[in-house]
Amino acid sequence: MSESTTLIAVAHGTRSPAGIRQIQELAAAVARRRPGLDVRLCYVDVQEPKVAAIVPTCEDAVVVPLLLSCGYHVRVDIAEAVAGTHFPVSAPLGPDPVFTESLRRNIPASADAIVLASAGSSDPLWVAGIREVAAQLPGRVELGYTSGGGPRVADVVAKLRAEGARRIAVAAYLLAEGLFYRTLHQAGADWVTPPLCHDPAVADLVLRRFDAMRLTTVGSRL
């Protein structure tokens, strides 16, 4: 790794104008924190450029997935994009205490039940990660999903209402706005926390992931 190492930031991709802007702003915030660092934003789905198109344009890089778990996109899409290169891939952004603390700050103290809402997945690492996050939130926490298997967020909210919950908060474990995030506001809860990328600490987390891989790679070559 050299001083000119590029940070390839890989997001999922969305058709939501707000979500597109939020991820672009996150990448820009990372670049502002590290003047001179070449930050290149790309995607694994929906948007261009794809990560496979950006990797060949870099001589030296660390890939940082702007994703909340080590699921299919990390293990397959990103892994295939860097195959044959020496570019290391950092851990995804989540789960991390940065996100847990952000959720805790945005959940109203008056909430008597919480639905931790996330995109569903059958990937074991993803499932373990979301359960880890749920265990660190206060009070009664139920899991709800916006896709895939498992109970839908609206159904979990309805169940909690039937069981007597009066003030329900949806803790959105989603990085940016998009189709999944919009459905949360239609689930019947009293509050929905903002997308996680709004927290300024996320840009610092991206740089920590970058630095950790950069230093590890340098150390392994000494």
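The table below gives the values:
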read-out	value
Principal-axis tilt of helix 17-33 within the chain, Cα atoms, nearest 10 degrees	50
Cα shape, the range 143-199, gyration tensor, a/c 1.5 rule	oblate
Student exercise, the range 100-184 dipole from Lys, Arg, Asp, Glu Cβ charges, in Debye to nearest 20	280
Solvent-accessible area per residue for the range 136-222 (1.4 angstrom probe, square angstrom)	49
Added length on full extension, which subtracts the Cα-Cα distance from 0.36 nm per residue, Gln24 to Leu125	33.7 nm
Contact order relative to length of the chain, as percent, for alpha carbon pairs under 8 angstrom and 6 or more apart	23
Carbon and sulfur %, accessible surface of the range 64-150 computed with the full protein complex present, 1.4 Å	53
Average accessible surface area per residue within the range 28-93, 1.4 Å rolling probe, Å²	45
Accessible-area ranking of Phe210, Phe180, largest first, probe 1.4 Å	Phe180, Phe210
Nearest 10 degrees, 0 to 90: helix 124-135 Cα axis against the chain principal axis	50
Hypothetical label at Asp211: residues of the range 73-115 whose amide nitrogen lies under 17 Å (7 Å Cα-Cβ projection)	90-91, 93, 97-98
Loop GluC sites (Glu not before Pro), the range 37-128 (other Cβ atoms within 10 Å of the site Cβ: 11 or fewer; DSSP)	Glu59
Förster radius 45 Å - calculated FRET efficiency between Arg152 and Thr57, Cβ distance, rounded to 0.05	0.65
FRET E, pair Ala79, Arg105, Förster distance 30 Å, beta-carbon r, rounded to 0.05	0.30
Order of exposure, largest accessible area first, which applies to Tyr43, Tyr72 with probe 1.4 Å	Tyr72, Tyr43
Student exercise, the range 128-222 dipole from Lys, Arg, Asp, Glu Cβ charges, in Debye to nearest 20	120
0 to 90° range, to nearest 10: angle between helix 201-221 axis and the chain longest Cα axis	40
Å³ per residue enclosed by the Cα convex hull of the range 3-47	53
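The values are calculated or read from the model by the stated rules, or taken from the named source; none is laboratory data. Keep in mind that what you see is a predicted model, and the values were worked out from it rather than measured. Reconstructed Cβ throughout: ideal geometry from the backbone, glycine too, with neighbour counts over all protein chains shown. All accessible areas refer to the heavy atoms of the entire protein, side chains included, with ligands and DNA or RNA removed. Shrake-Rupley method; radii C 1.70, N 1.55, O 1.52, S 1.80 Å.
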